Amino acid sequence: MAKSPTEKLLQELDQLKARGRITDEEYAARRQAIISGQVQLPAEKSGGGFFKKVGIGCGALIGILIVVVIIAAAAGGGSDSNDTGGTASSSGTPAAGTNRGDVRVPLAPGSSGEIAPEGNPGQKSRVTIVQIMDPVVSTNQFSRPKAGMRWIGIEVIHENIGTKEVGSFDWKLRDTNDNEHEQDVMGPVVDLPDLDPFYSDLTPGGKKQGWIYFQVPEGAGIKWLRADPNIFLKNDLYFEAP
């Protein structure tokens, strides 16, 4: 028997809560609005969603930030001298792949590149682009990109071809307007396997495959996709558009 519109909305709301997109209070309020027939689709909270998903409170977050600052200072400033951080204009920054040790390959399905953090040849990875989907449309009407934005999805394979364990990459996308975008770890609600954004135990010979997502302005294309194996060390892998 087909589900009623109300049942479908409630199911989508349950999915949203299960993925950590909304708080218990927001869930209860939206559920009541659906049941009462006064359905509203408020924008998702822009702050705190990621840290709620991974279970990090404010106190723990402050502690993590302190540790990161100490590590970054000890590492001599990190690898990303060509990053502006976040979604911001990149004018005046070096072009992709200008650091010695960076690797540049074409941005296309089937394209692959190999990279290891500076000074760690045993932590060598191969990354392959399987396919690119633009745009990605969420199947849940409560899950939408920001106004004027769309999701771009890229399916990738990460293989450990070294002799030591490796972890997840720090992903960044630069669009054709020269704005940079961090990976949207929440992403759209779609029936596609996400690439786990946090792992550190990919053993030699191991492989992970899944989708990564970015929110990009309507009308802007991809200039490059960067995979950084270690944010505190040099050597990044760039997939560059023609």
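Since every read-out is calculated from the coordinates, none of them should be taken as a lab result. What you see is a predicted model, and the numbers here were worked out from it, not measured in a lab. Reconstructed Cβ throughout: ideal geometry from the backbone, glycine too, with neighbour counts over all protein chains shown.
Go through the range 183-198 residue by residue and turn each phi into a ³J(HN,Hα) via Karplus (6.51, -1.76, 1.60, θ = phi - 60°); whole Hz please, and just put x for glycine and proline.
After applying 6.51 cos²θ - 1.76 cosθ + 1.60, I find 4, 8, 5, 7, x, x, 8, 9, 8, 9, x, 6, 7, 3, x, 9 Hz.
For a quick check of your reading of the filter: which chymotrypsin sites (Phe, Trp or Tyr not before Pro) in the range 135-199 sit in a DSSP loop and have no more than 13 other Cβ atoms within 10 Å? Intermediate results must be reported in sequence, preceding the final value.
Numbers: sites: 142, 151, 169, 171, 198, 199; in loops: 142, 169, 198, 199.
Answer by residue number: 198.
Just check the range 164-213 against the gyration tensor rule for me: Cα atoms, a ≥ b ≥ c as the square roots of the eigenvalues, rounded for a/c under 1.5, and otherwise prolate or oblate depending on whether a/b exceeds b/c.
oblate
Can you give me the long-range amide H partners of residue 233? Hydrogens built in the peptide plane at 1.01 Å from N, cutoff under 5 Å, separation of 5 or more residues or another chain.
Answer set, sorted by chain and number: 79.
Using a/c under 1.5 as the rounded threshold, could you call the range 101-209 rounded, prolate or oblate? The axes a ≥ b ≥ c are square roots of the C-alpha gyration tensor eigenvalues, and prolate needs a/b larger than b/c, oblate otherwise. Don't skip to the end; give the middle numbers.
Working: a/c = 2.21, a/b = 1.70, b/c = 1.30.
Prolate, because a/c is 1.5 or more and a/b exceeds b/c.
Output the pairs from 17/234; 124/172; 17/146; 8/146; 17/223 with a Cα-Cα distance over 28 Å in this structure; if there are none, say none. Could the numbers behind the result be given before it?
Working: 17/234 38 Å; 124/172 19 Å; 17/146 19 Å; 8/146 23 Å; 17/223 34 Å.
The answer is 17/234; 17/223.
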